[in-house]
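Every read-out reported here was derived from the displayed coordinates using simple, explicitly stated rules and does not represent laboratory data. Computed from a prediction, not measured in an experiment: that's the story for all the values here. Glycine gets a Cβ as well: all are built from the backbone with ideal geometry, and neighbour counts include every protein chain shown.
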Amino acid sequence: MRTNRACYVMVQPLQGERRMADNNESRQSSKRGLGDLLGRIVEEGENLKSEIGTSARAVAQSTLSDLDVVSRDEFDAQAAVLRRTREKVEALENEVSKLMEMLEAKSAE
């Protein structure tokens, strides 16, 4: 009988250690599984963010093209052309005024 008890005492701690090892492996496996799941969720979130950004840009471009809007560069170029044209018109108006004065002066003589 003593041998059975001794074996039982010897076996019992080993079974407890085995259960702890199994629990540790189970926890590690659960952590890996949770980590994989979180990784996939983050990846899908990034994909969704990219798709939403692409769709939003497409909608914005479509809306702006319907509004007949020009780019900033085009606007600046047209503003420069308009400024030069105004300067030329003012110069021509001044020249016409001078010519009119000269013509009136000659016709008064």
>> Between A80, A108, which is on the phi < 0 side of the Ramachandran plot, surrounded by fewer than 10 Cβ atoms within 10 Å (Cβ to Cβ) and over 23 Å from the mean Cα position of the chain (by Cα)?
In response: A108
> When K98 is evaluated against the numbered criteria (1) assigned to a helix (DSSP H, G or I); (2) in contact with a helix residue (DSSP H, G or I) (Cβ under 9 Å, 6 or more places away or on another chain); (3) not hydroxyl-bearing (S, T, Y), which criterion, by number, is the only one it fails?
Replying inline: (2)
